[in-house]
Each structure stands twice: as C-alpha cells, then as structure tokens.
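Comments concern the structure below.
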C-alpha cells in the first residue's frame, strides 16, 4: 500500500510515486527504560509532506486523495478521507453519540482529537496511561514502533487493538484500530494510511489541554442519530406504560 505524500510548491506539477512514510530521522531521545528501538518521532503537521496535517495551516483542497478515498468525513475539528469501501458508524450512548467508527473490511478505526498545550505534546504520556488502564483490565499491552513513534498494542478475545497517536500544534490525534488478529497487519497499515491524510482543525477557541475538541456530525448522520434517539425514547416510554 502506498503512502500519501503532499507535494510542495516546487513539485506540484511533477508526478512521482507516493511511497514514502514519515521519516524517522531526527528522533527524540528514547527512554532507556523502554523496549530497544522505541523512540519518539518529530512530526511537522504544517510544512511536512505527510500528515496528519494542521488544517488551520494547510488547505485540504490542495491535496488529491482520489486514489484512496471517494469521500471526506467532516466532523468540524477533524476531516478524514474515508478509505474506499468503508462506512461510518455512530455509537450511541444514553445521552447521544459516544464514538464515531470508520468500518472497513479488516476492522474499524475510531478517531479522537484532543487539545494540547503549546509547550509539549500529549501522546508520550498518554501511552503510559493507556498501558496502565489496559493492565488494570487484565490485558498485556506492549509498545511497538510506528511511523510517528509509539503505538500501544494488545490482544483480547481473538482481536487486536492498536492505538496510534500524533502530536500537532496544540492538538493530539489518536486512532484506535480494532479488528481480528488475522487481519491486524492490514488494519494497522490502513489506519496509518488514514492518519497520513487526516486534517485537524484546532481553532482559536479555548479548550483545556487533554479535553476532546468539539465534533459536529454531518447533517445526514445527525438526522440518523436524532431518529434513533427518538425511537429509543419511544421504546422507553412504552416500557414504562
């Protein structure tokens, strides 16, 4: 699978193979207490050739995703080119939408985006918290090296769960990829492909570091959610009668 690579101004009219992944040059010093070969990777979401991109600085209209995607999921604070043959699924809780999943033939990808401080990224510390939470659930998480640095991986009931994160300007993007172990390699690659084409819009509104950036559902999804919530409310009322 080829990787998307944004052309710079000097190369806009030059056709080339998009086979590069985020370069692991200039890594941040690794923690000696961690597994050998695991290190942070500096990511340039503004001037870099590979995403995720800072949407407040880079225009998504300047990028061509037609080889990979036929539609862009616009959630306000994040725009995600959807892989071909994928679907969007909204997970509902008692009060409304809880998560948005991109469902593919090899598993599902759940995006989340958070506010971050100007001074430092959040992902490295987040991996520590995620591993601790997984261990409390009886899982055995591990850290693997990905194109943007640390990825948290574990298995449960024949499925693999992989979390990858990328720090950007005052934001952190996180993808959770979950699917059968037999297709885990394909899902890991696909989730990285999606991340490499994703745009994050932090905006200027004050949001506490670590809090989720606001998500706005497209109208068609919003209508479906509203209808489903009404159906559930009617069922509840009938059950109380």
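The values are calculated or read from the model by the stated rules, or taken from the named source; none is laboratory data. None of the values given here were measured: they were computed from a predicted structure. With ideal geometry, Cβ positions are generated from the backbone for all residues, glycine too; neighbour counts draw on all protein chains shown.
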Which one of the conditions (1) modelled with pLDDT of 95 or more; (2) more than 21 Å from residue 77 (Cβ to Cβ) does residue 228 fail to meet, given that it meets all the rest?
-> (1)
Kindly indicate whether any position in segment 184-198 is farther than 22 Å from residue 88 by Cα and at pLDDT 95 or above.
-> no
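Table: residues versus (1) within 13 Å of residue 197 (Cα to Cα); (2) surrounded by fewer than 15 Cβ atoms within 10 Å (Cβ to Cβ); (3) at pLDDT below 95; (4) touching a strand residue (DSSP E or B) at 6+ places or on another chain (Cβ under 6 Å).
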site	(1), (2), (3), (4)
51	yes, no, no, no
60	yes, no, no, yes
82	yes, no, no, yes
129	no, yes, no, no
Yes or no: residue 239 more than 27 Å from residue 76 (Cα to Cα) and modelled with pLDDT of 95 or more?
-> no
Looking at (1) at pLDDT below 85; (2) part of a loop (DSSP other than H, G, I, E, B); (3) surrounded by 15 or more Cβ atoms within 10 Å (Cβ to Cβ), can you tell me which one residue 2 breaks?
-> (3)
Tell me, which residue of segment 106-119 that is part of a loop (DSSP other than H, G, I, E, B) and touching a residue at least 24 places away in the same chain (Cβ under 8 Å) is nearest to residue 83 (Cα to Cα)?
-> 106
